[in-house]
1. Sorted by average packing, counted as other Cβ atoms within 10 angstrom per residue and highest first, what order do 68-76, 287-295 take?
2. Ignoring everything except DSSP H segments at least 4 long, calculate the 222 nm mean residue ellipticity for the chain; use -39,500 (n - 2.57) per segment, divide by total residues, nearest 500.
3. Hey, what did the stretch 336-456 get for relative contact order, percent, Cα under 8 Å, at least 6 apart?
4. Quote the Stokes-Einstein diffusion coefficient, in whole µm² s⁻¹, for the chain, based on the Kirkwood radius over alpha carbon pairs, a temperature of 25 °C and a viscosity of 0.890 mPa s.
5. Need the full-extension length gain, residue 311 to residue 362, defined as separation in residues times 0.36 nm minus the C-alpha distance. One decimal, nm.
6. Sorting check: for 225-231, 174-180, which peptide has the highest mean count of neighbouring beta carbons within 10 Å, and how do the rest follow?
7. Computed FRET efficiency, Cβ-Cβ of residue 207 and residue 471, R0 45 Å: what is it to the nearest 0.05?
8. Between residue 180 and residue 388, how many nm apart are label points set 7 Å from Cα along the C-beta direction?
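No value in this document is a laboratory result; all are computed from the given coordinates. Keep in mind that what you see is a predicted model, and the values were worked out from it rather than measured. Cβ: placed from backbone, ideal geometry, glycine included. Neighbour counts: every protein chain shown.
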């Protein structure tokens, strides 16, 4: 029996719409099934399945009634059908029954596929694969750093979006501009940290990290290698005074005192990156006291009151690089040497590796080639006899330097450690010293301290031949690995280490 449909359906536009909708639906089902069976695929596969194909399905379905309307109007003008105000549905007519059945079945199928596609599309656009690999050249630094971070098992959206529809909508709206910037290639290099647009930490970080959790002192052991011929290993073992180790004391001591529910810390920053903080306000909710600390060397100018950021301190003010951490060459070479990725048989390898990494490179491939040539040339000219029986070790050394470089420095996007300062500590950026510099003083003479043992207790330090240990609960006085006299007491660590000495 021949399938009969309303006369108005038989036109080129409706035919095209039906063909597009059917083909797109088949492709959706086929590709979705294939992706489900293979348990993988690229980000572009998800974009095609959940974002592009549905557009064609909807477009094809829209073309069917559009064609029917055009056909009906054409027939009316030609006098082939009588003029009626509204179309009439008569199920006694086979063509009407067929059309009604096809429309009903198609609508149910379309709604089912739409629900499934929308659900999968939502999860796909929230996935790490979508965030990290859709725009390869742009997001490589963030995606690479994320994969090597403490939060590598936490999806991007859990921190950057969080729960709730409002922030989901905000993220997608801001994403439209990002799509335009990527397509038009008008994005900045490096990508600026979205400091002003981040969701409050209490709505993201604190979903996993319980603020009232008490901590004791936590051990931190750092391994450094000196830039000498022996590649001398220098260690420092510290107990970090994270705070609140005794539940009876809660958060009244230690570093996490800053998030004590009874204490509210506010500050005023005069720059976009929140590095310059001339004023800090501490409010005690329990007593009602309020203390204002002002930087005595660089006070807040009276005429600059309107151009400053007034912010309540939260987790992200210290933990500002929780997932996208870019280490400087001295740090990542230390790690590679300690792990054995870079053999320590070559004299001065720490110095040579840092020098090789700090050359100017335009691309990652150029950097890898340049590092190989720099290291090869140095040892060929200065230690030719050492290379004769250690060619394999030299290859491993070069590979270790290249791998460490490619995880932290990205020439194409002009990304390295100085662009994204880490506020934890004070080695390569101001970090804690933005406030704890000994210069922020209240009217009554109270000072925001910069004493070392407030945050950490040094229990051991030195080389294997000259290791010092504390014999009490008191911290050892810090000993700089290289004798620079008392300079380290007068100068912030970051003032020298923001650019590794070579």
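1. Answer by packing, highest mean first, reads 68-76, 287-295.
2. Theoretical 222 nm ellipticity from helices: -12500 deg cm²/dmol.
3. Averaging sequence separation for qualifying contacts and normalising by length gives 20 percent for the stretch 336-456.
4. On the way: Rh = 28.3 Å.
This corresponds to a translational diffusion coefficient of 87 µm²/s.
5. Full extension from residue 311 to residue 362 adds 14.6 nm.
6. By packing density, highest mean first, the sequence is 225-231, 174-180.
7. FRET efficiency, residue 207 to residue 471: 0.55.
8. 6.7
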